[in-house]
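**Q** Have a look at the structure that comes next, please.
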Amino acid sequence: MWARAGYVNINEDLIRELEDGVALLIYDIPYPPADKNRKELAPWYSWYDWSTGKLRSCGYPLQYSVVLVEEKRIPEIEKLVEQIESKRKNINKTFKLKIPKANINIIRFRVKDKTSAEALFNIIKSILIESMKTLIEDIEEQLKEGKDKTKLQKRTKEFIARLRKQDFLNLLIKDPDVRKLLLQLEILVA
C-alpha cells in the first residue's frame with residue numbers, strides 16, 4: 001500500500017526508534033498583545049521569537065507548536081524550558097512587562113505498531129520534504145531576481161545546519177528523497 005502512495009518502507013532501526021524513543025514537545029508561548037505599542041513590547045517579541053525558535057529546533061516540527069523529539073533529549077529540553085522561564089522573569093523585571101508564563105509540556109508515548117510507526121515516519125518525511133522544496137523554490141526565485149548570492153548561501157547553510165540538528169532519525173543521510181533535495185539545495189547556492 002505505501003509503495004503505491006509514493007512512500008518508501010522504512011528500515012527496522014527507524015521503526016524501533018519511532019516505537020520506543022520519541023516524545024511530543026507541545027508548547028504555548030504567550031504572544032504580545034496587538035493593541036499595545038510594538039516598540040515598548042520589543043523585548044517580549046524578541047523573547048517569543050527566541051523561545052519558539054529554540055523549541056522548534058529540538059526535533060521535527062509536526063505542527064506550529066508540536067515537535068516530535070528524541071526521548072533521550074528530554075533532560076536537555078527541560079533545561080531549555082528553565083532558560084525560557086528565567087529569561088521571561090528577567091525581561092518582566094527589567095522592562096516592567098507582564099509576560100505570562102509559557103505552557104510547555106513533554107508527553108512520552110509509545111507507537112503501537114509498525115503501521116503507526118510508518119505513518120509517523122511519512123508525516124515527518126513529508127513535512128521535511130515540503131520545507132526543503134519551499135526553500136529551493138524561494139532561492140531559485142531570488143537567484144532569478146538577481147539577489148545577493150552570499151546572503152542566500154548564508155541562509156541556506158543556516159537552514160541545513162538547523163535541519164541536521166533536528167534530524168535525530170538521520171533522514172538527511174538515510175532517505176534518498178530527502179538526500180536528493182539536500183544536494184539540490186547545496187548545489188543551488190554553490
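Any read-out appearing in this document is the output of simple, stated calculations on the displayed coordinates, not a laboratory observation. The shown structure was predicted, so the numbers you read here are calculated from the model rather than taken from an experiment. FYI the Cβ positions are ideal-geometry reconstructions off the backbone, even for glycines, and counts take in every protein chain you see.
**Q** Between LYS180 and GLU12, 0.36 nm times their residue separation minus their Cα-Cα distance comes to what? Walk me through the numbers on the way to the answer.
**A** Values: separation 168, 0.36 × 168 = 60.48 nm, distance 2.20 nm.
Length gained, LYS180 through GLU12: 58.3 nm.
**Q** Using 1/(1 + (r/R0)^6) with R0 = 25 angstrom and r between the beta carbons of LYS133 and LEU24, what's the FRET efficiency to the nearest 0.05? If you can, show how the numbers build up before the last one.
**A** On the way: r = 25 Å, r/R0 = 1.00.
That gives a FRET efficiency of 0.50.
**Q** With unit charges on the beta carbons (Lys and Arg positive, Asp and Glu negative) and the dipole taken about the Cα centre of the stretch 12-188, which residue among ILE127, ILE84, GLN63 sits farthest to the positive side?
**A** Result: ILE84.
**Q** Also, quick follow-up: Could you pull out the pairs from LYS133/LYS157; LYS133/LYS180; LYS39/LYS98; LYS54/LYS87; LYS125/LYS165; LYS36/LYS96 whose alpha carbons sit more than 18 Å apart here? Each step should come with its number before you reach the end.
**A** Values: LYS133/LYS157 15 Å; LYS133/LYS180 11 Å; LYS39/LYS98 15 Å; LYS54/LYS87 13 Å; LYS125/LYS165 15 Å; LYS36/LYS96 14 Å.
Pairs exceeding 18 Å: none.
**Q** Show that you can apply the helix-only estimate: for the chain, add -39,500 (n - 2.57) for every DSSP H stretch of four or more residues, divide by all residues, and state [θ] at 222 nm to the nearest 500.
**A** On the way: 7 runs with 112 residues, N = 190.
Computed ellipticity for the chain at 222 nm equals -19500 deg cm²/dmol.
**Q** Relative to the present Cα-Cα distance, how much length would full extension add between LYS54 and GLU82 at 0.36 nm per residue of separation? List each step's numbers first, then the result.
**A** Working: separation 28, 0.36 × 28 = 10.08 nm, distance 1.23 nm.
Residue separation times 0.36 nm, minus the Cα-Cα distance, leaves 8.8 nm.
**Q** Oh, and also: Rounded to the nearest 0.05, what FRET efficiency is calculated for GLU71 and LYS114 with R0 set to 22 Å and r the Cβ-Cβ distance? Present the calculation step by step, with values, prior to reporting the outcome.
**A** Working: r = 19 Å, r/R0 = 0.86.
Efficiency, from the Cβ-Cβ distance: 0.70.
**Q** Sticking with this one: Give the distance, in whole Å, between the Cα centre of the stretch 123-169 and the Cα centre of the stretch 55-112.
**A** 24 Å
**Q** When P(r) over Cα pairs in 10 Å bins from 0, in percent is calculated directly from the model, which label among (i) 7, 23, 32, 26, 11, 1; (ii) 8, 29, 29, 24, 9, 1; (iii) 8, 32, 32, 18, 9, 1 fits?
**A** (ii)
**Q** Starting at the first residue of the stretch 56-68, write each ³J(HN,Hα) from the Karplus equation 6.51 cos²θ - 1.76 cosθ + 1.60 with θ = phi - 60°, in whole Hz, x for Gly and Pro.
**A** Karplus-based 3J(HN,Hα) across the stretch 56-68 equals 5, 7, 6, x, 8, x, 9, 9, 3, 10, 10, 10, 7 Hz.
**Q** Another one. Roughly how many debye, to the nearest 20, is the charge dipole of the chain about its Cα centre, given +1 on each Lys and Arg Cβ, -1 on each Asp and Glu Cβ, and no other charges?
**A** That gives a dipole near 860 debye.
**Q** Shifting gears a bit: Note down the nm distance, to one decimal, between modelled labels 7 Å out along Cα→Cβ at PHE159 and at LYS96.
**A** 4.3 nm
**Q** Can you tell me the orientation of helix 176-188 relative to the chain, as the angle in degrees between its alpha-carbon axis and the longest Cα principal axis, to the nearest 10?
**A** Rounded to the nearest ten degrees, it is 60.
**Q** Oh, and also: FRET efficiency for TYR31 and ASN105, Cβ-Cβ distance as r, R0 = 22 Å, nearest 0.05? Can you show the working numbers first?
**A** On the way: r = 18 Å, r/R0 = 0.82.
E(calc), rounded to 0.05, equals 0.75.
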